[in-house]
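Values in this text are rule-based calculations from the coordinates and carry no lab data. All of these numbers come straight from a predicted model, not from anything done at the bench. Neighbour counts are summed over all protein chains in view; Cβ atoms, including those assigned to glycine, are modelled from backbone coordinates with ideal geometry.
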Amino acid sequence: MPVWTAEDGGPRRQQWLAGAELNLGETETLQVTGRTMMVVTMVVLASPEEVFVLCHTGGEDAVSWVEQVHPQSLETIATSEKLAGGRAWPGGIAVHPNGDLYVVFGNHAHRLNRRLEVVASCELPRLRPYNSFVLLPDGNVVTKDFSGSRPGNELTEPFDATELVVLEPEELGVVASLQLPEASIARLSADDNDVYVVGTSALWRARWNGSSLTLDDFSAKYRLMEGQTYGWDTVIADGCAWFLDNGESTHKFSGTLRGVGTATAPLHLVRVWLDSGRVQLTEICGLPGGVVANPPLVDTERKVVVGFDSGNGVLAGFRYDSETLVPLWSHEQNHGSHMLLYPASGEFISAHYDAERGVEQLVVRDVVTGREKTRVDTGSPIQSVVFPACGSQRDFYWCSMLTLSRISVV
């Protein structure tokens, strides 16, 4: 049975898992099992019974660690030693095809076996946080430094240019590096040996030939108007890259992103054709003050893409074809995190932060109509801006930095 081994389900960031089902019936509802955990970033599964959670501390000399938890009760089964980190920003964890766990956090990378023993570690070249990684088909690890503002450390553009680093998987030695022409705030995405980087003004593509990374002649400039700010993580689907702009000011997150945006131009769903670099901008809601920290969701079977504006609290669906995007539906909803898609049933999971009650809810909707099927409180007192994961028993895991939840169909 396939399992969720990497953030967003894999390097294309399509946010779904083959074979996973929700298929919520009319008389069924969702049950939540939750627990408090310190700065929970994401969950990965090495098998249906092996669930691993990445956590970290904060500050300029933060550390990370990995906990194995029971797949249903979420009780801790085992914990790694504290892993050297650095300046705090959410990192990443993945289950490598060799069976081991790989972690990037701060300016360090670590390889752990499934008993959570450290096999190898390395210090990364720059004294900055590195915001996760992607795995290439040959098993090499590609990571990059994070160039943007962090809480308590506000920077102004132009940020320093980002460097890609390739690590071999055995001892985590650096085998290649490539400096980009500009900074990148977003996480990396990849399609086979093509690594996509959303820079602060353009989408770039670096190609891996087995020994080196090189930029090809692809460069898609997406910042086209005054008041528009940089983009975040991109989804690779249907021959296009899909991401959201106006990512500036996410470091002002204080339990929610609602109202913290500073962009004067409306927030856009950005579509870039990978064969030509052509760019299409589509407004989510047309309002200033938009902000996001995460990617949209693309259903390639139904030709629907879901975008959002966390600053203004809007979630919206669009029908697309080879040339156009047409609005399908829009709802007021305070969503901030990555999402989950269930392609067989056309359901997707998003979140709503209920500021009046101080709790986050999870919302199941139909991707084509936007119709709400159900919602449930997670118990988290803050809005999630991080990563969920599909389970293997009509369940999924939701992380909110303070709370880990398992949500199952009953």
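A few points about this structure:
- Put simply, when 55-64, 160-169 are sorted by average Cβ atoms within 10 angstrom per residue, most first, you get 160-169, 55-64.
- Charge context of residue 124, other residues only, Cβ under 13 angstrom, K/R +1, D/E -1: +1
- By the count of neighbouring beta-carbon atoms within 10 Å, fewest first, 194, 138 end up ordered 138, 194.
- Positive minus negative residues near residue 61 (Lys, Arg vs Asp, Glu; Cβ under 15 Å): +2
- Taking every alpha-carbon pair under 8 Å whose residues sit at least 6 apart, the chain reaches a relative contact order of 15 percent.
- Distance between region 78-102 and region 349-410 - C-alpha centres, whole angstrom: 24
- Separation of alpha-carbon centers, region 166-189 and region 251-296, rounded to whole Å: 25
- Calculated P(r) tail over 19 Å for region 154-289, as whole % of Cα pairs: 53
- The alpha carbon radius of gyration of region 7-409, expressed as a multiple of 2.2 N^0.38 Å, is 0.90.
- The gain in end-to-end length when the residue 82 to residue 393 segment is fully stretched comes to 108.8 nm, 0.36 nm per residue minus the alpha carbon separation.
- Sorted by Cβ density within 10 Å, fewest first, the residues 399, 122: 122, 399
- Taking 65, 329, 4 and counting other C-beta atoms within 10 Å, the order from fewest to most: 329, 65, 4
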